[in-house]
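The values are calculated or read from the model by the stated rules, or taken from the named source; none is laboratory data. Note that the structure is a prediction, hence the values are computed from the model and not measured. Here the Cβ positions follow ideal geometry from the backbone for every residue, glycine too, while neighbour counts run over all protein chains shown. All accessible areas refer to the heavy atoms of the entire protein, side chains included, with ligands and DNA or RNA removed. Shrake-Rupley method; radii C 1.70, N 1.55, O 1.52, S 1.80 Å.
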Amino acid sequence: MTSPPFTRRGLILGSALAGGAAIGGGLWLARGSGTAPIATTAQTDDTPRRGGLIRVGTIEATQSGNLDAHAPLGAGIIRGWALYAKLWEWTHDCAPRLALAEESETSADGTSLTVRLRRGLEFHHGKSITADDVIFSIRRLSDPAVASPYAALVSPVDRDRIERLDDLTVRLHAKPGQGLVALPETWISFGGIVPTDYHPVTNVVGAGPFRLESFVPGQRATFRRFENYYKPGQPYIDALEIIEFGDQTARAHALIAGQIDVADLVPSEQAQLLRATPGVAVVVSPTNNVQSLDINLDHPQFQDVRVRQALRLLADRQDLVNRALRGEGRVANDLYAPHDPTYNHAIAQRPHDPDQARFLLKQAGAEGLAAEITTNNAGAAAALVFAEQAKQAGLSLTIKKLDDASFNGPQKNQRAISTGGIPSRGFLASALHYDAPTATSNRTNFRDPRFGELLTAALKEPDITKRTPLVHEAQQIQHERGGLLIWGFNHVRAAARANIGGLASELTQFAGWRFDDLWRREVG
């Protein structure tokens, strides 16, 4: 089974247009579907055309990137969208849908998942894709020797108890006490299916829309269209280049000059420049990507729930959106995944209430609290704005800014307060990223026993009607006594030359990575 698409997408995207989101007219309308045929009659401006080269500019500050399907470094995950196909892929509404898999079914108790591949699938080197490759892929992803940063997201799978039912079908089993309901959302962006003879350097083979031609770390990767891609008629272009830039300014000027055609994940300050450039369109995706301040419950200053509540009440969320995100986002309520069908909309929005915050701090004996916010460049603006807001209650919050490597280093879960964020996912997948007992990065050290029980039960409950009350109670606990101050959700921007089609606004951050949808309006 696969999650149905959200029927409210048209409303959301229409609202983005009405609100002045900078979407280029024809660029907004043009998006090839997974099965769209190539027109053979007269082309219209919004009909995908075959042929040509598209050059995508991405940011790679070092020369340490790679092509590994399961342990990507640097811009490796972006190149992976060209090279590798997955069992599931993201819809534009941020839900998983079947891709290489023809069918997936979770058992009634949520402890096993049966996946059947489509027939006739091939890898780039001509080998048929079979159940053996699926087994190899998840075992490689979860292999400690590979050291994938995403291994924890598939850790519920018992890698030593995978059944091969036939050439196209596998059955995955959960480890004792765990469930697999969230697996379609956690084994996805980085979860490429690769052949049993795969090697990330000497045999870079996948089943994605493009075959690798060349790769020079820190410079560029070149690709050619894979003619036997599983989506009929796609990809549209003949060739793709992913070009690496060391800084945002150089990339923006390359797009303006026509040296590249597309730029992914454009920061707001560069978007202002690009919006003013004739022949360039900026596409805004109103995502549910989390923007947060992560309060460490293990830190002596924040073990009292009243102090955590006070910090959340001190956050002027609209001010944070306006200043830290330059208005390109919206207010959040200390909870992630508001698009999830199990989300508890009955929980009232937490207000900005400095008076109540001061009262709670006095009760907790924490008046005049002084603490440090650790941040990287991405979170620096939010840290500065919140520190200013906290002064209203007499708090002294200082800022310590680190480079990304240090920020994500061994001490990451030991800081008093950290800036944070995760891409948009459903509730269960977000928890497994952020604050579940087995989360990939639990900077809050949130280990509430009841929350853990509820999450474990929800991960084993495929029936959404039965799962919803479990999630509602879990979110109530997060909202009342958790450590995540989720103040906003940020918009994500991609930019393209006006002669590029197929780039569309969506609820995920992946608009600029859907290389199988991109096409050129003029093919010489």
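Over all distinct Cα-Cα pairs of the range 168-259, the Kirkwood formula returns a hydrodynamic radius of 16.7 Å.
Accessible surface for the chain, divided over its residues, is 39 Å² per residue with a 1.4 Å probe.
Cα centroid separation, the range 85-156 to the range 325-359: 34 Å. Taking only protein heavy atoms and a 1.4 Å probe, the accessible area of the chain is 50% carbon and sulfur. Mean residue ellipticity at 222 nm, helices only, the chain: -7000 deg cm²/dmol; runs of at least 4 DSSP H residues each add -39,500 (n - 2.57), and the sum is divided by the number of residues. At an R0 of 56 angstrom, the distance between the Cβ atoms of ILE464 and ALA239 translates into a FRET efficiency of 0.85. Which net charge results for the neighbourhood of GLY80, defined as the other residues with beta-carbon distances under 15 angstrom from its beta-carbon, given Lys and Arg at +1 and Asp and Glu at -1? Counting the neighbours of GLY80, the net charge comes to -1. Would you mind classifying the range 51-140 by shape? Square roots of the alpha carbon gyration tensor eigenvalues, ordered a ≥ b ≥ c; an a/c under 1.5 is rounded, otherwise it is prolate if a/b is larger than b/c and oblate if not. Taking the square roots of the gyration eigenvalues as a ≥ b ≥ c, the range 51-140 is prolate. The length gained by stretching the chain between GLN392 and GLU102 to full extension, at 0.36 nm per residue less their Cα-Cα distance, is 98.8 nm. Normalised by the residues of the chain, what does the relative contact order come to in percent, with Cα pairs under 8 Å and at least six apart? Once normalised by length, the contact order is 23 percent. Of the Cα atoms belonging to the range 128-173, the radius of gyration and Dmax stand at 10.8, 31 Å.
Pairs of Cα atoms nearer than 8 Å and 6+ residues apart set the relative contact order; for the range 415-524 it is 18 percent.
Measuring nothing but how far apart in sequence close Cα pairs (under 8 Å, 6+ apart) lie, relative to its length, the range 182-312 scores a relative contact order of 11 percent.
Which percent, to the nearest 5, of DSSP beta bridges fully inside the chain are antiparallel?
Around 75 percent of the beta bridges assigned by DSSP in the chain are antiparallel ones.
If the chain linking SER406 and GLN363 were pulled fully straight, counting 0.36 nm for each residue of separation and taking away their Cα-Cα distance, it would gain 11.9 nm.
Quick one: net charge around ASP340, please, counting Lys, Arg +1 and Asp, Glu -1 for every other residue with C-beta under 11 Å from its C-beta. Intermediate values should be presented prior to the final figure.
Numbers: positive: ARG425, ARG467; negative: GLU185.
Neighbour charge sum, excluding ASP340 itself: +1.
Once the Cα-Cα distance is subtracted from the 0.36 nm per residue extended length, the ARG119 to ALA370 segment shows a gain of 84.2 nm.
Take SER64, project a point 7 Å from its Cα along the Cβ direction, then tell me which residues of the range 221-245 have their backbone nitrogen under 20 Å from it. From the range 221-245, the list is 221, 244-245. Overall, the range 210-252 carries a charge dipole of about 140 debye about its Cα centre when +1 sits on the Cβ of Lys and Arg and -1 on the Cβ of Asp and Glu, all other atoms neutral. Lysine pair count for the chain with Cα-Cα distance under 15 Å and sequence separation of 8 or more or different chains is 5. Work out the P(r) tail for the range 338-493: percent of alpha carbon pairs separated by more than 24 Å, whole number. Every Cα pair in the range 338-493 considered, those over 24 Å come to 42 percent.
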